[in-house]
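Okay, so here's the structure we're looking at.
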Amino acid sequence: MKNNLDDFSNELKLGLKGLTSSLEYTYLPVRNPDDPENDDAISKMNIWVMDEPEQDVLLKSCIKEGNIQNTAIAICIDMKQVNKSIELLSQWMNIITGELALILKDMPLKK
């Protein structure tokens, strides 16, 4: 059975709230910047792309307690909808902070 992390691009189709949407997955190979002579990738950076804020439940499959300390989140706004950019940014920020709050409340504090 082939591991999803070995697929260059994997798209998960889910039907929620009467809509069909997707959570897209891809990855980038990561190289050691301290070893410019070695062209071999030593790791992978997972990239998840979500287009529909209504399907925020899909975030649970991407953001987990085990990987939270190595997670970066980028929000990209469609500039074709400039008049809605602040509203969209606020909506995505609320979704992400809500999901992070659920994860962080269960994590132990380090001393």
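The values are calculated or read from the model by the stated rules, or taken from the named source; none is laboratory data. Keep in mind that this is a model prediction, so the values were computed, not measured. As a convention, Cβ positions derive from the backbone with ideal geometry for all residues, glycine included, and neighbour counts pool all protein chains shown. When the accessible area is computed, the model is the full protein with side chains, heavy atoms only, and any ligands, DNA or RNA have been set aside. Shrake-Rupley method; radii C 1.70, N 1.55, O 1.52, S 1.80 Å.
What ranking of 109, 28, 100 comes out by heavy-atom accessible area, probe 1.4 Å, highest first?
109, 28, 100
As a test of reading the structure, rank 73, 103 by solvent-accessible area (1.4 Å probe, protein chains only), most first.
Working: 73 80, 103 20 Å².
Sorted descending by solvent-accessible area, the residues read 73, 103.
Which pairs break 30 Å Cα to Cα here: 44/105; 80/105; 84/105; 44/84?
On the way: 44/105 28 Å; 80/105 37 Å; 84/105 32 Å; 44/84 34 Å.
Beyond 30 Å: 80/105; 84/105; 44/84.
Taking a probe of 1.4 angstrom, what is the accessible area of residue 97 in Å², to the nearest 10?
It works out to around 70 Å².
Report the accessible area of residue 30, computed with a 1.4 Å probe over the heavy atoms of all protein chains in place, in Å² rounded to the nearest 10.
Estimated to the nearest 10 Å², residue 30 gives 60 Å².
Taking the Cα centre of the range 35-75 as origin and charging only Cβ (+1 Lys, Arg; -1 Asp, Glu), how large is the dipole, in debye to the nearest 20?
Details: 3 positive and 9 negative charges, 52 e Å.
Result for the range 35-75 is approximately 240 debye, rounded to the nearest 20.
Within a Cβ distance under 14 Å of residue 33, other residues only, what is the Lys/Arg minus Asp/Glu net charge?
-4
Report the accessible area of residue 44, computed with a 1.4 Å probe over the heavy atoms of all protein chains in place, in Å² rounded to the nearest 10.
80 Å²
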